[in-house]
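Below is one structure, written out as structure tokens, with a few remarks after it.
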Amino acid sequence: MQTSFAVAKSEFRDAEQRGISLLPRILDRTTEDGLADRSNVTCLPYVEPSMGNASERIEESIAYMTQNLNRPLQVSTLAALVNISPSHYFALFKRHTGRAPMDYFTRLRMEKARCLLDTTVSSVKEVAAALGYDDPFYFSRVFKSVNQLAPSNYRLKKKMEKELEENPPCKS
């Protein structure tokens with residue numbers, strides 16, 4: 001049979017993982033066993049350690065995503081960065097942005113890809129590599145799924161739009 005202390009310690013660990021304070025119950029048990037005098041003990045409500053509010057945590061992870069567009073990331077890495085469990089992070093992120101974390105990250109990468117295609121003469125393969133994609137064909141599929149155009153077609157369309165803007169057709 002476990003001692004009251006061992007039971008209380010076990011319950012405390014379980015409750016701590018769920019964010020519940022069992023301090024009053026532990027003190028009650030130790031008092032019952034004559035292990036503590038509770039007459040001068042003040043029980044305070046459990047307060048979760050402050051780690052900033054949820055929006056600040058999500059914004060911090062978005063900033064990290066933006067700085068690391070050139071490498072693959074995982075939800076577990078982002079969650080650990082802001083000290084939240086992966087499942088809780090996923091829910092907070094989706095509530096804050098309206099998108100799943102990896103979908104948001106992919107869209108950030110594709111935004112950067114559009115910028116690189118618009119402003120450089122880099123090949124699609126080079127743009128893919130700059131954004132951490134080892135396989136340019138996979139990059140092209142992802143780009144097309146987000147932008148509804150393959151990267152080369154996107155670049156061609158932008159080039160044609162720019163030419164039309166600079167040299168509008170003659171009106172008769």
Only one of (1) surrounded by fewer than 18 Cβ atoms within 10 Å (Cβ to Cβ); (2) part of a helix (DSSP H, G or I) does not apply to Arg109, and that is (1)
Going by the conditions given, is Phe137 under 28 Å from Arg155 (Cα atoms), without any contact (Cβ under 8 Å) to a residue 24 or more places away in the chain and either in the same structural domain as Met65 (by TED's automatic domain parsing) or among the β-branched types (Val, Ile, Thr) (or both)? yes
Mind listing just one residue for me: the one in region 80-89 that is out of contact with any Ser or Thr (no Cβ under 6 Å at 6 or more places or on another chain) and crowded, with 18+ Cβ neighbours inside 10 Å and, of those, nearest to Thr106 (Cα to Cα)? Tyr89
Evaluate the following for Met110: is it more than 19 Å from Gln148 (Cβ to Cβ) and either assigned by TED's automatic domain parsing to the domain that holds Leu149 or modelled with pLDDT of 95 or more (or both)? no
Taking region 57-75 as the region of interest, how many residues are loosely packed, with under 12 Cβ neighbours inside 10 Å and either modelled with pLDDT of 95 or more or not assigned by TED's automatic domain parsing to the domain that holds Leu131 (or both)? 2
Checking the structure you have, find out if any residue of region 116-127 is in contact with a Lys or Arg (Cβ under 8 Å, 6 or more places away or on another chain) and among the basic types (Lys, Arg). no
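The values are calculated or read from the model by the stated rules, or taken from the named source; none is laboratory data. These numbers come from a predicted model, not from an experiment. Heads up, the Cβs are rebuilt from the backbone with ideal geometry, glycines too, and the neighbour counts pull from every protein chain shown.
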